[in-house]
1. For segment 57-110, which residues satisfy the criterion of being modelled with pLDDT of 80 or more and among the polar types (S, T, N, Q)?
2. Evaluate the following for residue 30: is it exposed (fewer than 12 other Cβ atoms within 10 Å of the Cβ), farther than 16 Å from residue 13 by Cβ and modelled with pLDDT of 95 or more?
3. Taking only segment 33-52 into account, find how many residues are surrounded by fewer than 14 Cβ atoms within 10 Å (Cβ to Cβ) and more than 21 Å from residue 98 (Cβ to Cβ).
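The values are calculated or read from the model by the stated rules, or taken from the named source; none is laboratory data. A quick note: this is a predicted structure, and the numbers were derived from the prediction, not measured. No Cβ is skipped: glycine too gets one built from the backbone with ideal geometry, and neighbour counts run over all protein chains shown.
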Amino acid sequence: MTINQCIEQRVQRGVKLLDEYDPDWFKQINLEKLDLSNCHECLLGQLFKSFGHGVDIFFKEVEDSVEYPMYNGEYRESVEHGFAGYVRDACDVPLMRYYQYLTDAWKQVIIERQVNIQHAEIEELELVS
């Protein structure tokens, strides 16, 4: 699996989770500040004031795993949903590069959604006039 495929799968899991929580979540994200390696400027940090608080909201009930004893279940799930990364499994790239790829993937999703909303608003205005 390539780095792009790995990250795309994880981000799509995260998108689905966020959409179920709040379909307009992406409107709250400041793209200029978005940095998945920073616990306050990351996606969950911007939505819930800190990465840890967002993880608690979504993954509090997840059990720890024998397979990943270094990371609790909550953190492991945050990685699998594209909200974080860890050294042992950063899709076979250095961790900081992984975070850059992850940040770029989230930015792409958010920009696509913003463009779709703009197009929908323009179409609506054209129908009204």
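1. 78, 100, 103, 108
2. Details: exposed (fewer than 12 other Cβ atoms within 10 Å of the Cβ): yes; farther than 16 Å from residue 13 by Cβ: yes; modelled with pLDDT of 95 or more: yes.
Yes, satisfied.
3. 1
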